[in-house]
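Trainee: Encoded as structure tokens, here's the structure I'll be asking about.
No lab work stands behind these numbers, since they all come straight from the coordinates. On a predicted model such as this, the values are computed, not experimentally measured, just so you know. Because the Cβ atoms are built from the backbone with ideal geometry, glycine has one as well, and the counts that use them run over all protein chains shown.
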Amino acid sequence: MQNVPMDDFSAAIQEHRRELHVHCYRMLGSFDDAEEVLQEALLRAWTHRDTFEPGSNLRAWLYRIATNACLDQLRKRSRRPEQLSSFAEVPWLQPYPDVLLDQAAPRTEEPDAVVVGRETIELAFIATMQLLPAQQRAVLVMRDAIGWSAAETAAILETTVPTVNSALQRARATLQREQPSPASTPRTGLSADERDLLDRYIVLSERPDATQMAALVRDDIRVTMPPQPVCFDGWAALAPLHAAAAEHGEWRLLPTSANRMPAAACYLRAPGASGFAAFKLDVLRVEDGLIAEVTTFGPELFPAFDLPAELP
């Protein structure tokens, strides 16, 4: 429980901003959409601040407002993939910078206040979430990602415990059936093996070597490029892309991480150019010590990753 003086109300809301943004991202699958909806939610909270009862749970109150804003957005846009054969089916999918996830732990002593774990933020989880109806999506996030009880979830969604339990059961069944890869071991950061693999991926992207790159990836590697509706399956399909990269110019890559997964910020110096311009972000899924999947995004979110727009 929290007792927040009204004159500190704005500051108290801002303390929860980052975790609320992660919540909206899980619901919507898009960093930009989450930002837009969160702004609307915080405006609603400020506008209706007189309805908040001092001494009640501010965090739960804000989650109710943010969740309703997400549900409104989902109803308005009415976009939900019918299947998930690959991330190409979710063109609005965007990555989430780990540098911001590390800021998302709520500033509270409540037992539910935990850091953002990998198993509920990986791209596979976020993409599969987009298959769920809005209510099931909200219930799954609150129960399995945030860790609230059925009663707490029912109170926030203004429904009943049996309804929450039923929605959770259906949502979990869909997640288990459709998620492209098994849930990873719960943790927050990259493993030493993943960092090493990322380093080698960077070297072979800057100085392409098809033979060595082939040894770094699974034979059935998949590459997608949201929002482009393309999907490359297998090294045979990827090899020509790797070989053609050098034709575009000189590459320089910086290590980073997104969705608790290794990632590489890719910069290209085109022939005749003086500097390396931000070009794309590769997010890697590692399985059994090899790269199993590469999801390539544009450079639009480089500022959110605290990455420069250009390298000298």
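Trainee: What's the magnitude of the charge dipole for the stretch 6-178 around its Cα centre, counting Lys and Arg as +1 and Asp and Glu as -1 at the beta-carbon? Answer in Debye, nearest 20.
Mentor: Working: 19 positive and 25 negative charges, 136 e Å.
Here the stretch 6-178 has a charge dipole of around 660 debye.
Trainee: While we're on this one: Indicate, rounded to the nearest 5 percent, the antiparallel portion of the DSSP beta bridges found entirely in the chain. All intermediate terms of the calculation are to be shown ahead of the outcome.
Mentor: Details: 29 of 33 bridges.
Once the DSSP bridges in the chain are tallied, antiparallel ones form about 90 percent.
Trainee: Another one. Would you mind checking the tilt of helix 31-47 against the longest principal axis of the Cα atoms of the chain, expressed as 0 to 90 degrees and rounded to 10?
Mentor: So the inclination is approximately 20 degrees.
Trainee: Now for a separate question. For the chain, calculate the relative contact order in percent as a whole number, restricting contacts to Cα pairs under 8 Å that are 6 or more residues apart.
Mentor: 17 percent
Trainee: Just to be sure I follow: if Rg is taken over the C-alpha atoms of the chain and Rh is the Kirkwood radius over the same atoms, what is Rg/Rh? Write out the running numbers ahead of the final one.
Mentor: Values: Rg = 20.7 Å, Rh = 20.7 Å.
Result: Rg/Rh = 1.00.
Trainee: Separate question: Roughly how far apart, in whole Å, are the Cα centres of the stretch 184-227 and the stretch 19-33?
Mentor: If we compute the Cα centre of each part, the gap is 26 Å.
Trainee: Same structure, new question: With a cap of 12 neighbouring Cβ atoms within 10 Å, and only residues DSSP puts in a loop, list the GluC sites (Glu not before Pro) found in the stretch 29-85. Kindly include the intermediate steps, with their values, before the conclusion.
Mentor: Working: sites: Glu35, Glu36, Glu40, Glu82; in loops: Glu82.
Sites meeting the loop and neighbour criteria: Glu82.
Trainee: Over the stretch 192-311, what is the relative contact order in whole percent, taking alpha-carbon pairs under 8 Å and six or more residues apart?
Mentor: Working: 213 pairs, mean separation 29.4, N = 120.
Once normalised by length, the contact order is 24 percent.
Trainee: Once you have a ≥ b ≥ c as the square roots of the Cα gyration tensor eigenvalues for the stretch 6-178, tell me rounded if a/c is under 1.5, and otherwise prolate or oblate according to whether a/b is larger than b/c. Kindly include the intermediate steps, with their values, before the conclusion.
Mentor: Values: a/c = 1.65, a/b = 1.42, b/c = 1.16.
Because a/c hits 1.5 or more and a/b exceeds b/c, the stretch 6-178 counts as prolate.
Trainee: Moving on to the next point. Using only Cα atoms, find the angle between the long axis of helix 58-77 and the longest principal axis of the chain, and express it within 0 to 90 degrees, rounded to the nearest 10.
Mentor: Once rounded, one gets 60 degrees.
Trainee: About its Cα centre, how strong a charge dipole does the chain have in debye, to the nearest 20, once Lys and Arg get +1 and Asp and Glu get -1 at the Cβ? Mind showing how you got there, number by number?
Mentor: Working: 30 positive and 43 negative charges, 134 e Å.
Value, rounded to 20: 640 debye.
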